[in-house]
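Colleague: Take a look at the following structure, please.
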Amino acid sequence: MISIRAKNQIDVWIAKYPKDRQSSAVMQALKIVQAENKNILSASIIQEVADYLDMPDIVVQEVATFYENYNYKKVGKYVIRFCHNISCMLNGADDLIKHLENKLGVKTGEVTLDGLISVKKVECLGACVGAPMFQINEKYFENLTIDKIDKIVDNLK
C-alpha cells in the first residue's frame, strides 16, 4: 500500500502538471514508492501507482521497465550504476567494471554477500563529459580511475 507520506510526496509532483495530467508524475511516483519498499518495485506496487495516478497498469509497467533506475529484485544499500554507453566505453569502462566486480566479488546484476553493494551496468547516465562514470544511489562520480573507484567503494564500507 502507498503510505500517506508517499502520497503527499507524489501529490507535490502531480501539482506541477496541468489538471488531468497526473500521469506525468509517474516516474517520480515510482521512485517514491520504490524508496519506501526496500528499493524494489513489485507488480502490486506498480498497480497501486497506476490506480493512484488513474493510469492503465500496463502503461506504468512500461515506464518502470524502460528506465534502469527501477529495481525488481533485491539490491544493496548502495546501488552502483556503471555507465556502459559509448563515451564511457571508449574511456575504459569495461576494464573499470571488471576491476569493480573483482574488488567486490560480484558480477553485474549481483549483490555483495553483506548486502551492502550491488552493481548494474546501465546505458547513458548523461554525464559523457565526465566519462567514465558511475552513479551510486543519487550521486554521480566522474572521470573514474581504478584508484578513484577503490577510494569511493572503500568509503561505502
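Colleague: Give segment 137-149 a look and list any residue that's closer than 17 Å to Asn85 by Cα and in contact with a strand residue (DSSP E or B) (Cβ under 7 Å, 6 or more places away or on another chain), or say none.
Modeller: Those that are closer than 17 Å to Asn85 by Cα and in contact with a strand residue (DSSP E or B) (Cβ under 7 Å, 6 or more places away or on another chain): Phe141, Leu144.
Colleague: Looking at Gln34, Gln47, Gln28, Gln61, which one is outside the structural domain of Cys124 (by TED's automatic domain parsing), surrounded by 18 or more Cβ atoms within 10 Å (Cβ to Cβ) and of a type in the set (S, T, N, Q)?
Modeller: Gln34
Colleague: Can you pull out the helices (runs of 4 or more DSSP H) entirely within segment 70-157 that have at least 2 residues that are modelled with pLDDT of 95 or more and under 27 Å from Lys38 (Cα atoms)?
Modeller: 93-104, 146-156
The values are calculated or read from the model by the stated rules, or taken from the named source; none is laboratory data. Nothing here was measured: the structure is a model prediction, and the numbers come from that model. Every residue, glycine as well, gets a Cβ built from its backbone with ideal geometry; the counts of neighbours run over all protein chains shown.
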